[in-house]
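Participant: One structure follows; several queries about it will come next.
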Number of protein chains: 2
Amino acid sequence: MKKCRICGKKAIIYMPHHRLALCREHFVEWFEKYTERTIKEFKMFTKKDKVLVAISGGKDSLALWHVLRKLGYEADGLYINLGIGEYSEKSKEKVLKFAEKINGKAIIVDLKEELAGIPELVKITSREACSVCGLVKRYNFNKVAKEHGYNVIATGHNLDDEASALLANVLNWNEKYLGRKYPVLEEEAGFVRKVKPFCKFTEKETALYALLNGIDFIEEECPFSEDATSVFYKKILNEIEERSPGTKLRFYLDYLRKIYPKFRKEEEKKELQPCKVCGEPTVGEICPVCRLREKVEASSG
Amino acid sequence: MKKCRICGKKAIIYMPHHRLALCREHFVEWFEKYTERTIKEFKMFTKKDKVLVAISGGKDSLALWHVLRKLGYEADGLYINLGIGEYSEKSKEKVLKFAEKINGKAIIVDLKEELAGIPELVKITSREACSVCGLVKRYNFNKVAKEHGYNVIATGHNLDDEASALLANVLNWNEKYLGRKYPVLEEEAGFVRKVKPFCKFTEKETALYALLNGIDFIEEECPFSEDATSVFYKKILNEIEERSPGTKLRFYLDYLRKIYPKFRKEEEKKELQPCKVCGEPTVGEICPVCRLREKVEASSG
Ligand SMILES: [Zn+2]
Ligand SMILES: [Zn+2]
Ligand SMILES: [Zn+2]
Ligand SMILES: [Zn+2]
């Protein structure tokens, strides 16, 4: 096993993309400094901003909340109870326990009360669970942030999430995606700023950080998230990474540096206006979530 | 097994990317028509052009020569004996036999006489075999074509070749590659036009065509071509293709349509001038092959 670059003790991780081996103590220290550096590099937020961390109960989002508070940012949590049976109950419990442990404030939204649980929405719309779920989560992140006076929403997306989605979209040459995906999306027309401070960490790195900090997260995958596509492309990228260590990070960072600017210019600005029902920004007259709500009411009426 | 779309007989191949099943007879017919269509689509050449097909003795190049002559194009072959022991002897034999069979003219260049065999060049330069080999082949294709009055060079690159190279270069975001790879490279400043009429056929399709036409090709890989990179990315793309049939062709065609034009503009035109020794176009004063020749002479002197 390699030795820690800082202290020479036995390393617990070697990160070939950084050519860096670190012991337990120095990995934790490095992880936190590197998060800070990413936040500053992309001008994500400062200590003057009010940050709302979208918390699922998984390792990434809990670790993110943990790091941001440790770094001294004003960061509260937002948990959306998706109403997915035992999975939601368990994850909610983890979130509440963690909030108590770090003495953090967690806003809880109950989707069943607000609209309807994911299983019900899937039935009513016959859309894919991950697609409906993404829609209502994005909507609530933005709405709740504004209602409670937060100007930044932070999510726990890691490098594996971002690079695998990028690969899938590159294989389709989805120009819209290539012009839109970035670790910071600035506030605009009713949308709060969105940031991904963990975008340069692999899944392995965030998992290790969570583990070393005794963070009690939910390990089960969402029962709906048979998101085979994302799992498949993560596997493919790991095969490539194994053969050419460093490819995953370089693929993502070079996209940000060289490709995103090229496609971004071309993206036509959509004409956004407030939804006539709820006031959230949308392209049409009524936003997709309010249209969902109409369907829910019609089906239960 | 599926049935032939044309005649309803038992199909021998199903091509999911075309949603097309065909019997033996109609596959051969389709393959030839589709080659013709690709040639016309990209304005590769017409019956007025003199085409030189770069022949290695493998399935793709021999099948290409076969199809072009069957379609009535004026196409001769160019075989470069790379001096790689038994592999070169065997492939030369296949080429000569095939030329005789189709009553075609094959120009033979002996690299050992012209310069030095690949094994020797690898030793002298300590460069990778595939890199040196590519350099001297491209040089000779161009030089021989001009000397013999051909205005087009056709190579047998198939979809697997093109898409796997594209993927490898996308993972590095090699902008130069993305602005340069196209199935037709126009004649310019001393370079003859280069075309790839098989760029839309998978390896499986060209192999089947060669087989059905009784083309006797060399099946061994070049002993140097431990080109693990190309083999690796072909495997990765096949995994993706198996999961999402049609991805390989769409990835390549959408690159040609949407991405190449975007990167092409940015490629600065290199200042080409004739090599002071041999007259072939080059960026510096003396072309890379003439510099190789100097090394060969120095080492044998
Ligand atoms: Zn250490
Ligand atoms: Zn609305
Ligand atoms: Zn048929
Ligand atoms: Zn020269």
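Participant: Test A:Val283 against the criterion of being within 24 Å of the chain's Cα centre (by Cα), more than 14 Å from chain B (Cβ to nearest Cβ) and free of Cβ contacts under 8 Å to residues at least 40 places away in the same chain, and give yes or no.
Facilitator: For A:Val283, the condition - within 24 Å of the chain's Cα centre (by Cα), more than 14 Å from chain B (Cβ to nearest Cβ) and free of Cβ contacts under 8 Å to residues at least 40 places away in the same chain - is met.
Participant: For the stretch B:12-31, which positions are assigned to a helix (DSSP H, G or I) and crowded, with 17+ Cβ neighbours inside 10 Å?
Facilitator: B:His26, B:Phe27, B:Val28, B:Trp30, B:Phe31
Every residue, every condition in (1) among the polar types (S, T, N, Q); (2) surrounded by 18 or more Cβ atoms within 10 Å (Cβ to Cβ), yes or no:
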site	(1), (2)
A:His148	no, no
A:Asn158	yes, yes
A:Phe198	no, yes
A:Lys204	no, no
A:Leu208	no, yes
A:Gly214	no, no
A:Thr229	yes, no
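Participant: Just to be sure, is B:Leu208 away from every other protein chain (no Cβ under 14 Å), over 19 Å from the mean Cα position of the chain (by Cα) and in contact (Cβ under 8 Å) with a residue 24 or more places away in the chain?
Facilitator: no
Participant: State the number of residues belonging to the stretch B:243-255 that are within 8 Å of chain A (Cβ to nearest Cβ), open to solvent by 10 Å² or more (accessible area, probe 1.4 Å) and either under 17 Å from B:Phe201 (Cα atoms) or in contact with a His (Cβ under 8 Å, 6 or more places away or on another chain) (or both).
Facilitator: Residues that pass the stated criteria total 2.
Participant: Please determine, by comparing only the residues of the stretch B:164-181 that are in contact (Cβ under 8 Å) with a residue 40 or more places away in the chain and part of a helix (DSSP H, G or I), which one is nearest to the other protein chains (Cβ to nearest Cβ).
Facilitator: Taking the candidates together, the pick is B:Glu175.
Participant: Going by the structure shown, is A:Lys258 within 12 Å of chain B (Cβ to nearest Cβ), within 27 Å of B:Leu237 (Cα to Cα), of a type in the set (Lys, Arg) and outside any loop (DSSP other than H, G, I, E, B)?
Facilitator: So A:Lys258 passes the test.
Participant: Let me ask another. With the condition kept exactly as written, say whether any residue in the stretch B:19-31 is under 26 Å from B:Ile108 (Cα atoms) and over 14 Å from the mean Cα position of the chain (by Cα).
Facilitator: no
Participant: Shifting gears a bit: So which pairs qualify, if the first residue must be in the stretch A:14-33 and within 14 Å of chain B (Cβ to nearest Cβ), the second must be assigned to a helix (DSSP H, G or I) and away from ligand 4 (no atom under 16 Å from the Cβ), the Cβ gap must be under 6 Å, and the two must be at least 6 apart or on different chains?
Facilitator: Note: pairs meeting the criteria are A:His17/A:Leu249.
Participant: So is B:Lys235 surrounded by fewer than 17 Cβ atoms within 10 Å (Cβ to Cβ) and at pLDDT below 95 or not?
Facilitator: no
Participant: Now, a different point. Among the residues of the stretch A:152-168 satisfying the criterion of being closer than 16 Å to A:Tyr252 by Cα and not small (Gly, Ala, Ser), which is farthest from the chain's Cα centre (by Cα)?
Facilitator: Filtering first and then ranking leaves A:Leu167.
The values are calculated or read from the model by the stated rules, or taken from the named source; none is laboratory data. Keep in mind that this is a model prediction, so the values were computed, not measured. Cβ coordinates were reconstructed from backbone atoms using ideal geometry, including for glycine residues, and neighbour counts include every protein chain displayed. Heads up: the accessible areas ignore ligands, DNA and RNA and are worked out on the full protein's heavy atoms, side chains in. Shrake-Rupley method; radii C 1.70, N 1.55, O 1.52, S 1.80 Å.
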